[in-house]
Structures are given as structure tokens and as C-alpha cells.
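Novice: Before anything else, here's the structure in question.
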Amino acid sequence: MPKGVIVYKGPSLLDGQPIVCIATFASLNAKTGPMLQTWILREDVSPTVAVKTGQDSSVCGRCPHRHFSGGGCYVVPFQAPSAVFKQYHLGKYDPLGPKVLKRFIGQKLRMGSYGDPAAVPYYVWLGLVGLCDGHTGYTHQVDHDCFDLKLLEFCQVSVDTVSQFKKVQDLNCGTFRVIPKGGKLLPTEVMCRNESHGTTCIDCGLCNGTSQHKIA
């Protein structure tokens with residue numbers, strides 16, 4: 001069986017450039033646990049080149065943590081994203097089909113192991129989430145001109161400040177806020193269970209958008 005599958009190939013909803021979204025089935029990520037991982041990549045440019053030229057905006061949009069913008073994104077482009085990109089161009093991943101779809105049933109999905117889910121059409125996530133038995137997802141694109149609000153059915157809104165947190169409350173959405181060193185939880189927030197209890201994402205599942213939890 002292939003180690004991954006192409007779930008979307010087409011224009012990025014963020015800037016219209018060619019992207020590909022690939023789901024991989026064998027994850028050793030200690031924080032998330034063995035969730036299905038999804039990698040949103042420029043289809044025509046390697047991740048290492050994209051972060052140097054700014055072409056990563058096709059998959060990362062306006063995220064302030066982009067490497068190109070001098071941010072501290074925890075995903076290292078020359079590691080897993082580059083490996084997936086190379087395997088894709090070697091033809092190692094099958095297109096989505098009935099036989100492959102069965103592999104999603106009962107699994108738990110991580111939306112955007114690299115890249116923002118907002119780059120991929122809503123209907124793609126709707127189909128995958130419908131097959132899976134749980135998911136997590138985050139988006140930094142609520143202020144993007146092309147953002148599809150329906151994505152908030154599946155994703156926490158990533159915020160970096162208290163003012164951003166307050167700004168999105170009218171959306172009645174779940175949030176995930178990065179707390180600066182020495183910062184405190186807001187009254188409505190709960191600490192990420194991986195930080196507080198060592199719980200893996202696959203066992204927690206609070207960051208699924210629909211929970212409307214405020215995570216920090």
C-alpha cells in the first residue's frame with residue numbers, strides 16, 4: 001500500500017498558484033500520535049526554495065510565523081515537507097480513489113501538518129473529515145481576503161495576542177493562542193493538554209473547530 005495519497009491538486013485558494021495536498025499514513029510524531037498527516041505544498045516549487053523566495057505564501061498565506069517573514073514556525077521545511085515533496089515528484093503517492101478512501105475510515109486526521117488548511121477547498125476537508133473519526137486543524141487566515149468562513153467548522157483560529165483573540169470572538173469560533181513567556185491564560189481559555197498533561201492530540205481532540213474551545 002502507498003504511504004500517502006494525493007487528496008488535492010489545483011490552485012491555492014490563497015493566491016491561485018499550483019499546490020498539492022498529500023495525506024500520509026505512517027506518522028511517528030510524538031506530540032500528535034499516529035494521526036493521518038496532511039502536507040500542503042507548492043506543487044512546482046520545493047519547500048526549501050518556497051520559504052526563501054516567499055512562494056510559501058501559496059500554502060502559508062499571511063501567517064506571521066512563516067520562515068520567509070523571519071517567523072519561528074516549528075515545521076522545518078528541509079525535513080518532512082521536503083521528503084513528501086520529493087516522494088510526490090517520484091510518483092510514490094496514489095491519487096484519491098475508492099480503495100484509498102477506505103484507509104481514512106476510523107482514523108484521526110491532522111489538517112495542515114505543514115501549510116494552512118485555508119489553501120485547500122472546503123469540500124476536500126468536508127469529505128476527509130466525514131470519513132475520519134476525529135481531526136485537528138488550525139488556520140491563521142481569517143483576515144485573508146479569500147478565506148472561506150466554512151472552514152471554521154473544522155479549525156481553531158490561531159491567534160498570537162490578546163487583542164487578536166478578542167477580535168475573532170464575533171466569529172463564535174475555537175481559538176488557539178500562543179502565550180508569551182510569563183503570560184497567563186484568559187478566563188475562558190484552557191491550557192493545551194499536551195503541555196499540561198502530556199496528552200497526545202489523537203487522544204485529546206479539542207482543537208477540532210466545532211468544540212469552540214479556547215486553547216492556549
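Novice: Please compute the alpha carbon radius of gyration of the chain, then divide it by the globular-protein estimate 2.2 N^0.38 Å. Two decimals is fine.
Specialist: 0.97
Novice: Which whole-Hz couplings ³J(HN,Hα) result when phi for each residue of region 144-158 is put into the Karplus expression 6.51 cos²θ - 1.76 cosθ + 1.60, θ = phi - 60°, listed in order with x for Gly and Pro?
Specialist: Coupling constants for region 144-158: 6, 4, 9, 5, 9, 4, 4, 5, 5, 5, 10, 10, 6, 8, 7 Hz.
Novice: Counting other Cβ atoms within 10 Å, keep those with at most 16, restrict to DSSP loop, and tell me which trypsin sites (Lys or Arg not before Pro) in region 124-213 are left.
Specialist: Taking region 124-213 and a limit of 16 other Cβ atoms within 10 Å, the loop trypsin sites (Lys or Arg not before Pro) found are LYS181, LYS184.
Novice: At GLN79 and SER27, where each label point lies 7 Å from the Cα along Cα→Cβ, what is the point-to-point distance in nanometres?
Specialist: For the pair GLN79/SER27, the computed spacing is 1.4 nm.
Novice: Putting +1 on Lys and Arg Cβ atoms and -1 on Asp and Glu Cβ atoms, find which of LEU151, TYR93, SER58 reaches farthest to the positive end of the dipole of the chain.
Specialist: It is TYR93.
Novice: Another question about this same structure. Charges at C-beta only: +1 for Lys and Arg, -1 for Asp and Glu. How large is the resulting dipole of the chain about its Cα centre, in Debye rounded to 20?
Specialist: 500 debye
Novice: Tell me the carbon and sulfur percent of the accessible area for region 1-137, rounded to whole percent, probe radius 1.4 Å.
Specialist: Working: 3750 of 6290 Å².
Reported share for carbon and sulfur atoms: 60 percent.
Novice: Report the one residue of GLY127, SER163, ALA83 whose Cα lies farthest in the direction of the positive end of the charge dipole of region 58-175 (charges on C-beta: Lys and Arg +1, Asp and Glu -1; origin at the Cα centre).
Specialist: The listed residue farthest towards the positive side: ALA83.
Novice: Per the Kirkwood treatment, what hydrodynamic radius in Å, one decimal, follows for region 55-158 from the mean inverse distance over all distinct Cα pairs? List each step's numbers first, then the result.
Specialist: Working: mean 1/r = 0.0668 Å⁻¹.
With all distinct Cα pairs of region 55-158 included, I get 15.0 Å.
Novice: What size of dipole, in debye to the nearest 20, comes out for region 132-216 about its Cα centre when the only charges are +1 on Lys and Arg C-beta atoms and -1 on Asp and Glu C-beta atoms?
Specialist: Around 380 debye, computed over region 132-216.
Novice: Which of these, LEU126, LEU41, LEU151, has the largest mean-square fluctuation under a Gaussian network model of the chain (Cα springs below 10 Å)?
Specialist: Fluctuation is largest for LEU126.
Novice: Between ASP94 and residues 5 or more places away or on another chain, which pairs have amide H atoms under 5 Å apart, with H built 1.01 Å from N, and which residues are they?
Specialist: Residues meeting the amide H criterion: GLY4, ILE6.
Novice: Another one. Using the eigenvalues of the Cα gyration tensor, what equivalent ellipsoid semi-axes result for region 68-128 when each is taken as the square root of five times the eigenvalue, whole Å, largest first? Can you show the working numbers first?
Specialist: On the way: eigenvalues 117, 56, 23 Å².
In descending order the semi-axes read 24, 17, 11 Å.
Novice: If you take every DSSP beta bridge fully contained in region 1-114, what fraction is antiparallel? Give it as a percent rounded to 5. Provide the component values of the computation, followed by the final result.
Specialist: On the way: 13 of 18 bridges.
Around 70 percent of the beta bridges assigned by DSSP in region 1-114 are antiparallel ones.
Novice: What does the convex hull of the Cα atoms come to per residue for region 108-216, in Å³?
Specialist: Value for region 108-216: 102 Å³ per residue.
Novice: Would you mind estimating how fast region 130-169 diffuses translationally, via Stokes-Einstein at 37 °C and 0.692 mPa s with the Kirkwood radius over Cα pairs, in µm²/s?
Specialist: 290 µm²/s
Novice: Tell me the relative contact order for the chain as a rounded percent, counting alpha carbon contacts under 8 Å between residues six or more apart.
Specialist: Relative CO of the chain lands at 20 percent.
Novice: Order of 60-67, 156-163 by packing, highest average Cβ count within 10 Å first? Walk me through the numbers on the way to the answer.
Specialist: On the way: 60-67: 20.2, 156-163: 17.5.
Going from most to least packed, we get 60-67, 156-163.
Novice: Okay, moving on. Just the number please: accessible area per residue for the chain, 1.4 Å probe, all protein chains included, in Å².
Specialist: Values: 10650 Å² over 216 residues.
With the other protein chains kept in place, the chain gives 49 Å² per residue.
Novice: So what's the net charge close to ASN29: Lys and Arg +1, Asp and Glu -1, counting the other residues with Cβ under 14 Å from its Cβ?
Specialist: +2
Novice: Going down the table (LYS92/LYS150; LYS108/LYS214; LYS9/LYS167; LYS9/LYS99; LYS9/LYS102), which pairs top 26 Å between alpha carbons?
Specialist: Cα-Cα > 26 Å for LYS92/LYS150; LYS9/LYS167; rest within.
Novice: Another question about this same structure. When only C-alpha pairs under 8 Å and at least 6 residues apart count, what is the relative contact order of region 1-77, in percent? Provide the component values of the computation, followed by the final result.
Specialist: Numbers: 119 pairs, mean separation 17.4, N = 77.
23 percent.
Novice: Give the carbon-plus-sulfur fraction of the accessible surface of region 161-203 in %, rounded to a whole number; probe 1.4 Å, heavy atoms of protein chains only.
Specialist: 54 percent
Novice: Same structure, new question: Please build a GNM for the chain, connecting alpha carbons under 10 Å apart, and tell me which residue among GLY72, GLY137, GLY205 fluctuates the most.
Specialist: Answer for the Gaussian network model of the chain: GLY72.
Novice: Would you please give the residues with an amide H less than 5 Å from that of ARG66, counting only those at least 5 places away or on a separate chain, with H modeled from the backbone geometry?
Specialist: For ARG66, whose amide H was placed from the backbone, the distant partners under 5 Å are GLY71.
The values are calculated or read from the model by the stated rules, or taken from the named source; none is laboratory data. The structure presented is a predicted model; accordingly, all values stated were derived computationally and were not measured. Note that we place each Cβ from the backbone using ideal geometry, even for glycine, and neighbour counts take in every protein chain shown. Please note that ligands, DNA and RNA were not included when accessible areas were found on the heavy atoms of the full protein model with its side chains. Shrake-Rupley method; radii C 1.70, N 1.55, O 1.52, S 1.80 Å.
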